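Since the structure comes first, as structure tokens, the remarks are kept for the end.
The values are calculated or read from the model by the stated rules, or taken from the named source; none is laboratory data. From a predicted model like this one, the values you see are computed outputs, not experimental measurements. Every residue, glycine as well, gets a Cβ built from its backbone with ideal geometry; the counts of neighbours run over all protein chains shown. Note: accessible area is taken over every heavy atom of the protein model, side chains too, but ligands, DNA and RNA are not part of it. Shrake-Rupley method; radii C 1.70, N 1.55, O 1.52, S 1.80 Å.
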Amino acid sequence: MAETQLPMDIEKEKLPEMLPVLPLYDAVLFPKMVLPLVVMQADSIKLVDEAMTKNRIIGLLVSKKTVESAVQEQPPSPPSEKKPAVVAETEETDPDKDLYQTGTTALILKMAKTEENKAQLLVQGLGRFRVKDFVDGKPYLQAQVDHLEDVEKKDKETEALISNLPGLFTEVVELSPALPQEIGSMAKTIQDPGILANMVGSTINATLEEKQRILEVDDVNRRLKEVTRLVNYQLEILELGHKIQSQVKGDMDKRQREYYLRQQLE
């Protein structure tokens, strides 16, 4: 496997208004977050190769389509590893209809080619963008974009949300065996409201549509509220599941004791 890794100073450069676009089908990348990707289509691999020879900056847009075959082609990931997101098929895609129009600019941190001519990427979100127009001229998708700024105001409500959200998120992490426990402690160290919303929003168990809605919110205060709502909902589900599991275990233990007593009496 050939691997390429380049320095991070590219992040300081001005983001281009013309972006090569990869459609994602099963994940949303938020700014400042890191996401592993697997690219299988020839056109998309050509996009990656060209990006690696230039500034390594690409655009990621979530596809509204479900690409089940792409998931089936992926090898299973160990439970401790984050499963790579799949880049959706670009052929027969109508980008205006099939893709959400708000996405994330991303820097390719690492790129590796496999023997099967697939590309494995590690990308980091740089910022949000909105598509102005899709542009022809390449075998892959290109878009002219407007880069979006967060609308942030420091007030008591925002401070309360920043104070409250990490505690709720930690409770979710403690009840979720699949999540690394240290991620709850990490959330408590984040003071930037936008990064906190992005970090929790990218980690919480929510639908693709719910995460896309979070990404599209310019107002950081409103984004924090939406993430808090999702965290509260997830916490309720996990607590109910834990309660049901405890009740079932209690009933099983009771039946086992009764069975043991009957055996002794006989």
Neighbour-limited loop hits for trypsin sites (Lys or Arg not before Pro), segment 146-182 (at most 13 other Cβ within 10 Å; DSSP other than H, G, I, E, B): 153, 154
Built amide H within the under 5 Å cut-off of residue 206, gap 5+: none
Projected label distance in nm at residue 52 and residue 147, using a 7 Å step from Cα toward the beta-carbon: 2.5
Span from the segment 116-154 Cα centroid across to the segment 32-53 one, whole angstrom: 12
Gain in span if fully extended, residue 240 to residue 17, counting 0.36 nm per residue against the direct Cα distance: 75.6 nm
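Counting only heavy atoms of the protein chains, get the accessible area per residue of segment 130-195 (1.4 Å probe) and round it to a whole Å² value.
For segment 130-195, the solvent-accessible area averages 61 Å² per residue.
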Ranked by how many other beta carbons lie within 10 Å on average, peptides 162-168, 105-111, 198-204 from highest: 198-204, 105-111, 162-168
Potential extension, residue 34-residue 233 segment - 0.36 nm per residue separation minus Cα distance: 69.2 nm
Full-extension gain in nm, residue 188 to residue 209, via 0.36 nm per residue minus C-alpha separation: 4.9 nm
